[in-house]
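Since the structure comes first, as structure tokens, the remarks are kept for the end.
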Amino acid sequence: MHPPRPFLSIVIPFYNEAENLGLLITELDLVLGDLGISAEILLVNDGSTDFFDRPATTPRFPIRWIDLDRHSGQSAAIYFGIQQARGMVIGLMDADLQNDPADLPRLLETLAREEVHLVTGFRQRRFDSWTRRFTSKIANCVRSFLLKDQTRDTGCSLKVLRRELAVRLPGWDGMHRFIPSLAVAMGFRVAELPVHHRPRRFGKSKVRPFRRAWKATIDLLGVLWLSRRQFQARALEKGNPDPLSEFGEEVARAHEPAISPPCQGKVGTE
């Protein structure tokens with residue numbers, strides 16, 4: 001008999017991030033514990049060559065370690081992590097501590113209250129090299145113009161998405177750069193929120209900006225083709241309650257004042 005499905009699965013791909021993993025797990029435990037939801041953390045090892053501890057749990061949540069049998073890239077790690085995830089909502093983030101777990105509650109609240117299928121972050125102030133910021137800005141402008149996905153920062157890894165969308169993401173190298181575009185092409189609704197971006201504390205970035213820009217340009221042509229051939233229909237089951245609606249109601253109640261203030265007259269502009 002399978003254990004009950006958790007509300008949230010956090011999928012974290014990593015490659016040689018031994019110094020960051022312990023700190024990230026601690027931060028996630030604190031943030032998820034304050035939310036009061038059931039959750040699991042999936043750490044997907046993309047063929048790392050460094051040594052890292054593998055705790056089976058945080059103080060409050062189970063940790064699942066997934067190993068790819070060869071170094072295959074971020075998209076592969078995300079894809080296989082999603083296939084293993086059991087949550088009704090999937091969260092995605094990097095392992096390098098530049099994404100802030102404290103942003104997760106706002107993303108989850110928006111996912112529930114705005115009735116969208118994907119909430120993706122955009123980094124207002126980035127702590128990356130100028131070359132990476134420059135190539136990213138150009139790529140975002142070109143992608144947004146061609147794909148019409150209305151996403152400012154598709155390179156931000158911090159996202160939350162409903163399971164029905166997550167399991168439809170295709171498995172190909174480069175997919176992770178186009179998750180909002182693919183979601184829009186499949187008829188799902190997407191929202192964007194500003195999120196924090198922190199300086200890298202340990203290790204080095206594995207991204208090579210100009211090499212990535214060349215690969216992303218080629219991938220963009222493939223996504224243009226794929227976007228025009230996606231199914232936009234969704235399979236709906238009547239009578240099946242939406243767990244996110246219940247979560248949204250709980251969030252709304254948490255933000256309500258204990259006693260509503262009395263009306264002080266007309267509301268309007270002069």
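Only the coordinates and a few stated rules stand behind these numbers; no lab work does. Computed from a prediction, not measured in an experiment: that's the story for all the values here. Quick reminder, even Gly has a Cβ in these numbers, built from the backbone with ideal geometry, and neighbours come from all protein chains shown.
Multiplying the residue separation of Lys238 and Asp69 by 0.36 nm and subtracting their alpha-carbon distance yields 56.8 nm. Counting every other Cβ atom within 10 Å of each residue's Cβ, Thr58, Thr151, Thr217 order from fewest to most as Thr217, Thr58, Thr151.
Annotation: peptides 154-160, 227-233, ranked by per-residue average of other Cβ atoms within 10 Å with the highest first, follow the order 154-160, 227-233. Taking every C-alpha pair closer than 8 Å and separated by at least 6 residues, the mean separation divided by the residue count of region 48-127 gives a relative contact order of 12 percent. The local environment of Arg54, defined by Cβ-Cβ distances under 14 Å, has a net charge of -3 under the rule Lys, Arg +1 and Asp, Glu -1.
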